[in-house]
Amino acid sequence: MNYEPVPQLKPCPFCGKTPMMKWSLDKPIIECANRKCEIQPSTFLHVTTDNARKLASIWNKRKEDE
């Protein structure tokens with residue numbers, strides 16, 4: 001099987017801190033690792049994919065990139 005590395009994650013768009021990727025129920029999740037972040041963004045309820053690379057691309061997309 002050919003595995004490609006997951007792209008580097010951009011910082012949290014709300015606090016600028018480093019996010020973390022973890023797995024829950026065989027599904028990748030990305031969330032802000034800063035517990036003091038007022039927004040605490042997470043992909044858990046908003047993105048349905050089991051592909052870590054796709055999830056990273058979704059997390060890294062920013063409004064100003066459009």
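Since every read-out is calculated from the coordinates, none of them should be taken as a lab result. Nothing here was measured: the structure is a model prediction, and the numbers come from that model. So basically every Cβ, Gly included, is an ideal-geometry build from the backbone, and we count neighbours across all protein chains shown.
Laid out as a table, the results:
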| item | result |
| --- | --- |
| Tally, over the stretch 10-66, of residues that are of a type in the set (Asp, Glu) and touching a strand residue (DSSP E or B) at 6+ places or on another chain (Cβ under 9 Å) | 2 |
| Leading residue by the ranking (nearest to Pro5 (Cα to Cα)) among those in the stretch 45-60 that are of a type outside the set (A, V, I, L, M) and surrounded by 11 or more Cβ atoms within 10 Å (Cβ to Cβ) | Arg53 |
| Every residue from the stretch 37-66 that is of a type in the set (S, T, N, Q) and in contact (Cβ under 8 Å) with a residue 40 or more places away in the chain | Ser57, Asn60 |
| Residues (under 17 Å from Lys61 (Cβ atoms), exposed (fewer than 15 other Cβ atoms within 10 Å of the Cβ) and of a type in the set (Val, Ile, Thr)) located in the stretch 1-44 | Ile39 |
